[in-house]
Structures are given as C-alpha cells and as structure tokens.
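Reviewing the structure listed below.
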Amino acid sequence: MSKLAGKPRFIFITGGVVSSLGKGLAASSLAALLQARGFKVRLRKLDPYLNVDPGTMNPNQHGEVFVTEDGAETDLDLGHYERFTGVDAKRSDNITAGRIYSTLLSKERKGDYLGHTVQVIPHVTDLIKEFILSETATEDFVLCEIGGTVGDIEGLPFFEAIRQIGYKMGRSKVLYMHLTLVPYIAAAKELKTKPTQHSVKELRSIGIQPDILLCRAEREIPLSERRKVALFCNLPEESVFQALDARSIYQVPLHYSEQKLDVRVLEHFGMDTPEAPDLQKWHDIVNRFEQPAGEVTVAIVGKYTGMGDAYKSLNEALDHAGIAHNVRVNQRWMDAKDFETLDMHKKFKGVDAILVPGGFGERGVLGKIAAINYARENKIPYFGICFGMQIAVLEFARNVLGIKEANSTEFGEFKGKDKRGPVIGLMTEWKKGDVSYKRSSGDDLGGTMRLGSYPCQLVPGSLVAKIYGKKSIHERHRHRYEMNIAYARELEKVGLQVSGVSPSGKLPEIVELPAHPWFVGVQFHPELKSRPFAPHPLFSSFIEAAIGQSKRKEEVL
Ligand code: GLN
C-alpha cells in the first residue's frame, strides 16, 4: 500500500565526469533507506545505448545480463536493485534507446503518427516519459537511473525527457540527484572539484539543476571544498554529499544514512523526517562480512574472467552464502582453457569447492570437463550452473556412461550415424503456463532463449529436495539448450540422478550425484535470486559443503 497521498515522487539519478561511478549502487542504497522508513520503492534504469536490450551484448564489455522473474534480459544494475530492496524487478523497469527507437519505428510504419514528421522531440521523448511514468501509481518513490554520463550524445533525449517531467510535475514531486567524481591528485595532494563543477554546468545547460550532489571520492572531502562545490553548482551546502569508497557495497546505505541523505531527500519533498530508521540488519551483514570466523576458497572455472562485472550476481550470491555461514568466500577465477594441459592437483591446491558458471560456446569446454572430472573423482563439492550443469552431464556421459561422442548441439549439428551424441540439445518447443514457444536454430539471437522464472519439481529424498525443503520451486532461466531427457534413464542407472524436472516431466532441471558429498548441476541461475538478507539455499548449502571439505583437508594434513 502506498504510504504517500497523491502521485509518486520521482528521483532521477544521473552521472557525470566519468562512467562506472556506481550510480546503480547509489540508487539502490537510497531506495533501501527510503524503504527502511516504510515507503514503497521502485527502481528503474534507462540505458541510452542502441541495443534493444543487453541480451546480445558481450558480458566482458558490458557486464552480466540480469534476468528478471518475467523473463527480461536487463542491465546488471537491476540485480543491485533487487538485492538492496528485495523487490523483484520487472521487464518494465529497464528500457534502452534501442527499444524506444524500435517501438517508434514500428509505430511509424503502421501510420500511427498520422502523417506528422517523426522527431526526437516530442516523439522519442514522449515514449521515454511514457515508460518512466508507466505502472507507478501505487509507488511512493520511483528512482530512475540514467545510464552513461551527462554530455553523451545518445543520452540527450533521456535528459530532455526527465527535464520535462520535472517541469510538468513541479519540484515538489521530482528530485534530481547527480553523482560525480572528486579526484585526488597525488602530486598536488589535493582533491579537485573542477570536474564536478563542469559536469553540473553541463547538466544545467540542458535545463536540469541538480537538487543533490553525491561526490565520489577516495578520501574525505573537507567542508571548505564542499562549500565551494555548493556555491559553484548553485545548491545549498547541505545538499552536497560525499560517497567515499566503501569496503563492501552493503556499507553504502549506512554511509548515506550517517550523512542523512534520506532526510535531505524527504525535506526536498516537504515531508516529515521522523527518527532515523532501524538499519541494524545492514550493520549485521557488514559486520559478518568484515569479521568472518574462517574462509573457504571456491575455484570458478569459466571463460569471461577478464571483466569484474561479467558474473556480478554470482559473486554476490557467494558472498551472501559466506555471510550466512560466517566465512569469507575467496573466489579463485580460473580460465578454463588453462586446464587442458596442467596438473590438476597443483592447479586446485587450496581449493575447497569447484564451480562452473553459465557460459556460451565451445571454447574452454575441454578444460571445464577436466575440472568437473577432477571434482567428481576427488569428491570435491561441485556446483554447475546452467552451462556448468550441461557440461557436468557431458562429462558423466563421456566418462561414466561411455558415450565418447557425447556433446551439445551448441557446438555443431550431429550428422549421420552419430545418433548417440546429442546429450544436450536445442530446445525447439516448450510451454510456460498456457503459452507455447517454438524455436529453431536460425532464429534471431536476441530475446529467444528460455527466459525468466519457470517451475521445477524436486524428486523427494534428493539432496536438492532437502536443501530447499520444498517439493516445487521457481527459478530463473537463460539458455537455449537443454539436457536431453531421453538419456535420463541410462545416466541414472550409472549414478547421475535427475532430481528436478519441469512439471511436464520433459525438461531436466537439476542433476546430482548421490554417491558424492555435494555435486549438483542446475539448468537455471539461482544466483539471480540470492539476496544478502535471504541467501539462496543452494549457495548456502554449497558453501557449507566447502567448509566441510576444508575441514576434511585439515584433518588429512
Ligand atoms: N550455452 C548454454 C545454452 O544456451 C548455457 C547458457 C547459460 O549458461 N546461460 O543453453
């Protein structure tokens, strides 16, 4: 229920000076503080790039593709939004310029513009405004983050749209928060505010006067400097906040609360600011994260190991599980291609558990198979996620069932007499509720996978049934290929149990090895649903198994 009378209040979060300042975290942290005061919040991201969605973008360049319950492929910031507020993001919470233009052009082709010249203003900006305002009637606060930095050519229609919203609704309903950088110049031993001044100047030149400035800095910004920023950027000095580098992302809401950022926001909207909200749960996770009682090391054998954000939700889910068990989870990322030749014992020295995450394409598969084989034979806890499940099935089919040519059709079609090979195959037809989906290998790549939340039934008595403590679960998917159910019987006979299936019984969703301490492969992405205050049961159990493994190792030594 909405706590506020009247329409929701909009908070627009923009960025300047450089990209990657953490607008998503800033937006999420502010939302968490407002939520802690009992308000209903909604977070949205507007991305000015021309891809229709990030689904086709390389995670090495752009970071992880975050999948929502309702099956949208979205920007990774939506993951932060969910983790900080616990509110499930929706398809309608992320829009790109590409989506806006594709909607606009198809309307134009249908003649919807009735002969008018179609222009950036008002047509593109109107569509952006429509998106921002849609489905917001029951919210108290809608926080909208604009991707990129002020001054980017492609961002202009977005800035113009949010300017118009402020103009129409008035400042009592709209707040602009601008995130900038105050760099420290070591040679001069000084923090420099000039880039911030320029960035605000740029914003004001397109008609937006920020109400709050949030300055990222690696060291404390003295009051005198904050005063200077306030004066030159035309806002009161109480509206200039510092966002210092934090040791953990979950500290950020606490930093903001100490400076009373949420109070300033409420004052802007002319609202009462009763006593500070109870943030004990945030203090608790930060303390547990910073003072763990022990540590475990998880080897993650993957491909996109160059970019820190390519597996953001996975990194977070492992941290959540570590927090739950009071251990630090060291993530040792390993490039799968290094595994084909090296001595495995040496390679995995000090490792307590092995994980193969989601991935695409054949490169590195042999290395992943070797890593999984090592985990299976040496009884090291193994967690296979999506691709990591598929490859675990291949490993087992090749090395235990003895089908040497076992493979996935993702790496090429099976022809002629190779009939025993396609253990993992392209899913051509499936159902979600009453809706049927059909696919073929020639389809567009964008948005054509099995996406979003699907139900899965757990086999009673299995490890996963115990872990979840449920008979049926819902998890989020993002993949094109599936384990071929036709092989389930044979694989089960030699020890690989299919312990989770789709309600139709046709799609294997989970496999496990009952004879192994902890060996689970899941077709879905559990990391997408893990939250700091509600760690995902599979990750939690996996880390527990890693702790067990680390104790066993100590006993042997
Ligand atoms: N490449 C595999 C598929 O499309 C796995 C995808 C994934 O790991 N997300 O089915």
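Any read-out appearing in this document is the output of simple, stated calculations on the displayed coordinates, not a laboratory observation. None of the values given here were measured: they were computed from a predicted structure. So basically every Cβ, Gly included, is an ideal-geometry build from the backbone, and we count neighbours across all protein chains shown.
Among beta bridges identified by DSSP and lying wholly in the chain, the antiparallel ones come to about 35 percent.
If the segment from Arg332 to Glu429 were pulled out straight at 0.36 nm per residue, it would be longer than the present Cα-Cα gap by 31.2 nm.
Compute the signed sum of charges (Lys and Arg +1, Asp and Glu -1) over the other residues within less than 15 Å, Cβ to Cβ, of Ile323.
-1
Shown in residue order for the stretch 493-510 are the 3J(HN,Hα) couplings computed by the Karplus curve 6.51 cos²θ - 1.76 cosθ + 1.60 at θ = phi - 60°: 4, 9, x, 9, 8, 8, 9, x, 9, 5, x, 6, x, 9, 10, x, 10, 9 Hz (x for Gly and Pro). For the residue pairs Lys347/Lys470; Lys337/Lys529; Lys23/Lys431; Lys189/Lys281; Lys189/Lys347; Lys312/Lys470, the C-alpha atoms sit more than 32 angstrom apart in Lys347/Lys470; Lys23/Lys431; Lys189/Lys281; Lys189/Lys347. Between Thr56 and Lys346, the modelled labels are 4.4 nm apart [label points 7 Å from Cα along Cα→Cβ]. In plain terms, the residue of Tyr454, Tyr184 with the fewest other Cβ atoms within 10 Å comes first and the most crowded comes last, giving Tyr184, Tyr454. For the chain, the longest principal axis of the alpha carbon atoms and the long axis of helix 365-377 meet at an angle near 60°. Here the sum of -39500 (n - 2.57) over DSSP H runs of 4 or more residues, divided by the residues of the chain, equals -10000 deg cm²/dmol at 222 nm, to the nearest 500. For the pair Ala515 and Ser92, a Förster radius of 35 Å applied to the C-beta separation gives a FRET efficiency near 0.15, rounded to the nearest 0.05.
Each of Leu21, Leu496, Leu231, Leu463 was scored by other Cβ atoms within 10 Å of its Cβ. Arranged with the fewest first, they read Leu231, Leu21, Leu463, Leu496.
The reciprocal of the average 1/r between distinct C-alpha atoms defines the Kirkwood hydrodynamic radius, which for the chain equals 25.3 Å.
Just rank Trp518, Trp333, fewest to most, by other beta-carbon atoms within 10 angstrom. Write out the running numbers ahead of the final one.
On the way: Trp518 22, Trp333 17.
Listing Trp518, Trp333 from fewest to most nearby Cβ atoms yields Trp333, Trp518.
Taking a Cβ cut-off of under 12 Å around Ile95, the surrounding Lys, Arg, Asp and Glu residues balance to a net charge of 0, with basic ones at +1 and acidic ones at -1.
Can you list the residues of the stretch 146-186 with backbone N under 16 Å from a point 7 Å past the Cα of Glu108, pointing along Cα to Cβ? Residues 157 qualify, since their backbone N sits under 16 Å from the label point.
Rounded to a whole number of µm²/s, how large is the Stokes-Einstein D of the stretch 38-81 at 4 °C and 1.567 mPa s, given Rh as the Kirkwood radius over C-alpha pairs? Translational diffusion coefficient: 113 µm²/s.
Between the helical axis of 97-110 and the longest alpha-carbon principal axis of the chain there is an angle of about 90 degrees. In plain terms, the chain from Gln291 to Ser134 could stretch by 52.2 nm, reckoned as 0.36 nm per residue minus the Cα-Cα distance. Neighbours of Pro517 by Cβ distance under 15 Å: Lys/Arg scored +1, Asp/Glu scored -1, total +1. Residues of the stretch 33-56 falling in the label zone of Tyr101, defined by backbone nitrogen less than 17 Å from a point 7 Å along Cα to beta-carbon, are 46-56. Of the peptides 378-384, 88-94, 75-81, the order by per-residue mean of other Cβ atoms within 10 Å, starting with the highest, comes out as 75-81, 378-384, 88-94. Using θ = phi - 60° in the Karplus curve 6.51 cos²θ - 1.76 cosθ + 1.60, the 3J(HN,Hα) couplings for the stretch 271-279 round to 9, 5, 10, x, 3, 4, x, 7, 10 Hz; x is entered for Gly and Pro.
Stokes-Einstein, applied to the Kirkwood radius of the stretch 132-187 over Cα pairs at a viscosity of 1.002 mPa s and 20 °C, places its translational diffusion at 158 µm² s⁻¹. Name the residues whose placed amide hydrogens come within less than 5 Å of the amide hydrogen of Glu295, ignoring near sequence neighbours (fewer than 5 apart) on the same chain. Under 5 Å from the amide H of Glu295: Arg328. The H on the amide N of Gly359, modeled in the peptide plane, is under 5 Å from the matching H of Phe387, Gly388, each at least 5 residues off or on a different chain. On a 0 to 90° scale, report how tilted helix 537-556 is relative to the longest principal axis of the chain, with both axes built from alpha carbons and the result rounded to the nearest 10. Approximately 60 degrees, to the nearest ten.
I need the shape label for the stretch 509-552. Rule: rounded when a/c is under 1.5, else prolate if a/b > b/c, else oblate, with a, b, c from the alpha carbon gyration tensor. Let's see the in-between values first.
Working: a/c = 3.58, a/b = 1.20, b/c = 2.99.
Taking the square roots of the gyration eigenvalues as a ≥ b ≥ c, the stretch 509-552 is oblate.
Quick check for the stretch 45-132: number of Lys pairs with alpha-carbon distance under 19 Å, counting only pairs 8 or more apart or on different chains? All intermediate terms of the calculation are to be shown ahead of the outcome.
Details: Lys45/Lys90; Lys45/Lys129; Lys90/Lys129; Lys107/Lys129.
Step by step, the pairs that qualify in the stretch 45-132 add up to 4.
If R0 equals 25 Å, the separation of the Cβ atoms of Lys493 and Lys466 corresponds to a calculated FRET efficiency of about 0.65.
Taking 0.36 nm per residue of separation and subtracting the Cα-Cα distance, full extension of the segment from Phe411 to Asp70 would add 119.9 nm. Cα centroid separation, the stretch 177-214 to the stretch 64-119: 29 Å.
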